[in-house]
Amino acid sequence: MKSENKLIGTGLLTAITASLCCITPVLALIAGTSGIASTFSWIEPFRPYLIGLTILVLGFAWYQKLIPIAIGTRKDIDCECETDEKPKFIQSKTFLGVVTAFTIVMLAFPYYSGIFYSNTQKEIIVVDKLDIKTTEFKISGMTCASCEEHVNHEVNKLNGIVNSKASYENENAIIEFDRTKTNEIEIENAINSTGYNVTKQKPIN
């Protein structure tokens, strides 16, 4: 039973560790300290391995729980005193099911993290289309969809932002803004405040 509990504990730990890089931006938003958002971004390259380890560990825990012990291998095979004592909750299939469900929720976090970010997009009244400018900001440190949401959230707080589209895969953010109300410096400062860093700016139009 101890080995089974260790398996469950290991599965939980690896699942949480694998999701730290994506959970931290949301925790930073809630805490109001957006600069810590990129603290665990270094974990991202190891995320596939941690997810694989989590699946293996919990899979083996379920295997031990569901596959009955082979006849003839039980030490108590000759014991005539069978007990019907119910296992403790922490040793039950229900507990393992709860842990598995929690693990799935943690591993899937990047795909639904956007629900934690309030809608900061505002209705923009464009007086002159010539005032609208689009700039690409190359950004280092983003590792998942949660990072994208965090960058967009901070940028959209600025006045004059028409559209903000961050991409961790492309390592950039395409920002469309009214240059009479904001500028590249303010936008870069907003992005840098998240803990991710603007490495280059490139005007698109």
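For Thr194, the conditions (1) part of a loop (DSSP other than H, G, I, E, B); (2) within 25 Å of Leu130 (Cβ to Cβ) all hold with the exception of (2). Could you tell me how many of the residues in the stretch 147-179 are part of a loop (DSSP other than H, G, I, E, B) and closer than 13 Å to Thr135 by Cα? The number of residues fulfilling the criteria is 1. For the stretch 61-71, the condition of being farther than 30 Å from Ile175 by Cα and either at pLDDT 85 or above or within 26 Å of the chain's Cα centre (by Cα) (or both) holds for at least one residue.
The values are calculated or read from the model by the stated rules, or taken from the named source; none is laboratory data. A quick note: this is a predicted structure, and the numbers were derived from the prediction, not measured. Glycine also receives a Cβ, built like all others from the backbone with ideal geometry; neighbour counts cover every protein chain displayed.
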